[in-house]
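Chemist: Mind looking over this structure? Questions follow.
The values are calculated or read from the model by the stated rules, or taken from the named source; none is laboratory data. Note that the structure is predicted; figures quoted are calculated from it, not measured. For neighbour counting, all protein chains shown are included, and Cβ atoms are generated from backbone atoms with ideal geometry for every residue, glycine included. Accessible surface is based on the protein model in full, side chains and every heavy atom, while ligands, DNA and RNA are left aside. Shrake-Rupley method; radii C 1.70, N 1.55, O 1.52, S 1.80 Å.
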Amino acid sequence: MSIPLVAFLVLIAAFAIGSFTKINAGLIALVAAFGVGTLLAGLPITDVISEFPSGLFFVLVGATLLFAIVRINGTIDLLAYWAECLAGHRKMLVPVLMFLLTAVLATAGAFTPAAIAIVAPVALTLGSRFGISTLGMGLVVVQGANAGAFSPVNPFGVLANVMLDDAGASADSLKLFTYCFVFNALLAFVAYAAAQKIMGRRLRRAAEQSGEPSSENVTSAGTIGAAPGTRAGVSVLTRPVRTAPVKVAATPIRVLTLAGLGVLLALTTVFGIDVGVASFVIALALIVANSSVQKSAVESMPWSAILLVTGIVTYVGMLEAIGALEELQNGIAGLGNSSLAALVTSYVVAIVSAFASTTGTLSVISPLVTPIALDPLLSPIGVITAIAISASVVDVSPMSTSGALLMASAPPTDERLFFRALLVWAVVMIAVVPVLVWFCFVQLGIG
């Protein structure tokens, strides 16, 4: 068995162990990088260490620190309060506003799991108050995060733009963001409508079986807090639970935080400053203004996710150093058709990303995409858009970080339902989306 094949099997094993146990796949990959790289491939330890993605580490730590501060100092609560006031009694505005809030955070540079962790609890609570399916609200939040995930300052966007640069299409960065945003906005609408319809039918059946009256104004299979008519974790409400919004004050520190997010966007998009460095600058300014947030912010950062991503990326760097990625690239190229190779790659990233880090998956696949995107018969922006969407759209899987965060935000009585529903939705996304985006962006050449 060749060394490259052994190296890929070890990576697959790391993903599998990380998916089905509590052991961090990034930690496994980090240790395996030294084991495979030095013991099997004969690389010096210093060469393996040099593959650690210091730039990506700065982006992840800086962005997650900043948005932990944003959450802790109540700025997110302020935004949610404004959203509820803006929605008033207009029920349909609630999912739209939550989608936009999550998208704005991701666009500003928040790591997608961070944006979901911030918005999901607020969105599900508002959904319950307005009589909206909490599952539908959760799907909307994930799609909102994915919609903003390919901005030039988001870690997903950073990796995708590397692919664009390698394909000589760096000028299409805004197109990539726009296409991903529009696709995810449409998908959010479909997900919300499907969840509302399915959960409505479920509740009506439960009401008929129990002999209780039902209503079109329902939450999900479960709601936050107990309510009359609850059976087997299913709440049947005659009307939504609505009270006046609890006012959240626009304190000086919250106004300063909002200004800081605006400065972050300006520094990264206008002046081209690295998003990690810019995030650290804004985070430090907010800590100086209110030092009490520092301890809680650092402790609440998703260090496990950061280790996951950097560990996998380090292993991928080792794979590239020993020539394993070149062999895989030659295998895909051996298909003899770049369009077919783009479709196969889209399905590969969708399947892998459903069980692992999307950032890690994009890092793994990045060197393989360039030869496909450089085919003169194809559009580079079309190929990379199709692969980017395929990799991110399955983040709703309960075995991915984003899906797990969504489950954690759901009412306890809904945990099993959320797991099944998110798993089914992820399977549908794997089956349908890669071929759909391949047809639109690669075959039709949109872009």
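Chemist: For residues that are open to solvent by less than 20 Å² (accessible area, probe 1.4 Å) and among the hydroxyl-bearing types (S, T, Y), scanning just the stretch 35-82, find the one that is farthest from V122 (Cα to Cα).
Modeler: By that ranking, first place goes to T64.
Chemist: In the stretch 21-85, which helices (runs of 4 or more DSSP H) lie fully inside it and hold 1 or more residues that are under 25 Å from the mean Cα position of the chain (by Cα) and among the β-branched types (V, I, T)?
Modeler: Where helices (runs of 4 or more DSSP H) fall fully within the stretch 21-85 and carry at least 1 residues being under 25 Å from the mean Cα position of the chain (by Cα) and among the β-branched types (V, I, T), they are 25-34, 54-72.
Chemist: Okay, moving on. Just checking, how many residues over the stretch 374-427 are modelled with pLDDT under 80, charged (D, E, K, R) and surrounded by fewer than 23 Cβ atoms within 10 Å (Cβ to Cβ)?
Modeler: 2
Chemist: Has the stretch 171-179 got any residue that is of a type in the set (S, T, Y), out of contact with any strand residue (DSSP E or B) (no Cβ under 6 Å at 6 or more places or on another chain) and buried (at least 24 other Cβ atoms within 10 Å of the Cβ)?
Modeler: yes
Chemist: Suppose we keep only residues that are among the aliphatic types (A, V, I, L, M) and under 21 Å from the mean Cα position of the chain (by Cα) within the stretch 127-139. Which one would you say is surrounded by the fewest Cβ atoms within 10 Å (Cβ to Cβ)?
Modeler: L139
Chemist: Hey, could you check the stretch 10-54 for residues that are out of contact with any helix residue (DSSP H, G or I) (no Cβ under 7 Å at 6 or more places or on another chain) and closer than 25 Å to A297 by Cβ and say which is modelled with the lowest pLDDT?
Modeler: Applying the filter and picking the extreme gives K22.
Chemist: List the pairs whose first member sits in the stretch 357-370 and is free of Cβ contacts under 8 Å to residues at least 60 places away in the same chain, whose second member is crowded, with 24+ Cβ neighbours inside 10 Å, and whose Cβ atoms are under 6 Å apart, counting only residues at least 6 apart or on separate chains?
Modeler: Correct list of pairs: T361/V349; T361/S353; T361/A391; I365/V349.
Chemist: Here is a further query. What pairs come up if the first residue lies in the stretch 177-203 and is of a type in the set (G, A, S), the second is open to solvent by less than 80 Å² (accessible area, probe 1.4 Å) and outside any helix (DSSP H, G or I), and their beta carbons are under 9 Å apart, counting only those six or more places apart or on different chains?
Modeler: Note: pairs meeting the criteria are A195/S133; A195/S220; G200/S133; G200/S214; G200/V218.
Chemist: Shifting gears a bit: For L307, which of the numbered conditions (1) within 30 Å of T38 (Cα to Cα); (2) of a type outside the set (K, R); (3) outside any helix (DSSP H, G or I) fails to hold?
Modeler: Only one criterion in (1) within 30 Å of T38 (Cα to Cα); (2) of a type outside the set (K, R); (3) outside any helix (DSSP H, G or I) is unmet by L307, namely (3).
Chemist: Starting from the stretch 154-172, take each residue that is more than 22 Å from P113 (Cα to Cα) and list its partners that are at pLDDT below 85 and open to solvent by 30 Å² or more (accessible area, probe 1.4 Å), counting only C-beta distances under 6 angstrom and pairs at least six apart or across chains.
Modeler: Close Cβ pairs (under 6 Å, with a partner that is at pLDDT below 85 and open to solvent by 30 Å² or more (accessible area, probe 1.4 Å)) amount to L164/S170.
Chemist: Taking the stretch 144-170 as the search range and keeping residues that are β-branched (V, I, T) and buried (at least 21 other Cβ atoms within 10 Å of the Cβ), which one is modelled with the lowest pLDDT?
Modeler: Applying the filter and picking the extreme gives V153.
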